[in-house]
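Worksheet for the structure shown next.
The values are calculated or read from the model by the stated rules, or taken from the named source; none is laboratory data. Worth saying up front: this structure is predicted, and the values here are computed from it rather than measured. Glycine gets a Cβ as well: all are built from the backbone with ideal geometry, and neighbour counts include every protein chain shown. The protein model used for the area step is the full one, side chains on, heavy atoms only, and it has no ligands, DNA or RNA in it. Shrake-Rupley method; radii C 1.70, N 1.55, O 1.52, S 1.80 Å.
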Amino acid sequence: MGLNDVMPIVSGLLVMIADLTAFALIMRVYLKRRRRSALFFAVAWLADFLMVAFSASKNPVLKTIAELSLTIFAMFVFVGSIRLLEEESIQLSHSTLKRMGIMAPVFYGYVVLVYRFTGNADWALTAGVSLGVSGAFVFASGVLLKPIEAIYKKPAKILYLSVILFGLHLIPAALFGLYEWYLPIGFTLSTALTVMMAYSMYRLTSTREFLEGRADVKVPEIHSGTIILQPNEFESLLPKLENAPVLAFLRDLKHSREGWRTYFVTAVPFRKEHISGTLNPTELAKMTEITFQYLEEASRMGIPGVVVLDCVEYLSMYNSWESLMKFLSKLRDLVMVKGGTLIIVIDRNSVEERLFNQLRKLLE
């Protein structure tokens, strides 16, 4: 019995053990906490177990079940990833979803490539389709999971990277799966990535953050609507905003607080810990989109959103006053509709009295 005979047996046993272990452990998490994402992830591993168990069969019906089980595995990983984002109130990025539209033509081209490369139409229409569509959806799941790193830190990073790698490793399997030289490589990759993905998924679902869910969120005791404050008044208000889920667009990062989602408004992009990113002062439309997504998340969590804008003078240097007024008016309307609070910090001595009065009349 050669290496190519032993490898599938050993690899299959290890993968099935990892599948059943992941299924049992993650299902236990679901039964304990009733988080739907855990249920979907657990069922995914059961489907992967069936895929491995039937893949070596000569029976065409069992072969078909194995290929179908792989797509079911990909489906539940994808649905579980989306459900996890919903549970954590993380808004799906529209740009990410739009980029996923390319999967349709890429999948078609992939199946054609498998047929051209192998010359086997039956293989291309069965294994090629199963591996291609499953690889695409598992890869997409990994991309979607990336934002949860902000909550789960290292366990999330290991998970989304292992999911992405697992999806990618399915792609060459249909191209080279008929060649004996690829079998040891394919089985080794499959075993290592399955164990890595199963472990990382269980590790994330067993974290305190996942088991306990989101902690109670502090709701700041301030009235809803639009508030225009002087810098000294804003500093007096800061203690009330400590550890609250505030969205802030700032020029002075010393005002940022723990728990805030802070964006530094600057024409010089750079990276800094404890802030969500930098925004160019001309990106008013992007600020509006970020505000809308934040208020949507706050609404789903049942809390009033608080948006802090402490950069009006800086924005006026890069935008016309009319454009700035339209932007502020839109923010005011978004906050009003969601029952939140918009805090605008501005030194009235930094702008003309006529413009300041216009601002106050428009927003208050």
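See the values below:
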| item | result |
| --- | --- |
| Where labels lie 7 Å past Cα in the beta-carbon direction, separation of E180 and T64 in nm | 3.1 |
| Within straight-line cross-link reach of K153, lysines at Cα separation under 17 Å, skipping those fewer than 8 residues along the same chain | K272 |
| Between helix 183-205 and the chain: long-axis angle, C-alpha atoms, 0 to 90°, nearest 10 | 40 |
| Å³ per residue enclosed by the Cα convex hull of region 128-195 | 62 |
| Per-q log10 I(q)/I(0), region 41-80, q = 0.22 Å⁻¹ (Debye; single scatterer per alpha-carbon; no solvent) | -0.57 |
| Nearest-ten-degree value, helix 60-87 long axis tilted from longest Cα axis of the chain | 10 |
| Fraction of accessible area attributable to carbon and sulfur, the chain (%, probe 1.4 Å) | 61 |
| Helix 353-363 vs. the chain, principal-axis angle (Cα, 0 to 90°, nearest 10) | 50 |
| Rounded accessible area per residue of region 1-137, 1.4 Å, Å² | 53 |
| Whichever lysines have a C-alpha closer than 18 Å to that of K326, once near sequence neighbours (fewer than 8 apart) are set aside | K286, K361 |
| Pair-distance profile P(r), taking every C-alpha pair of region 91-172, with 5 angstrom steps and integer % | 3, 15, 21, 19, 16, 11, 7, 5, 2, 0 |
| Chain lengthening between A104 and R348 when straightened (0.36 nm per residue, less Cα-Cα) | 82.4 nm |
| Net lengthening on full extension, I171/N243 (0.36 nm per residue, minus Cα-Cα) | 21.4 nm |
| Accessible surface, per residue, of region 276-364 when the full set of protein chains is kept, probe 1.4 Å, Å² | 47 |
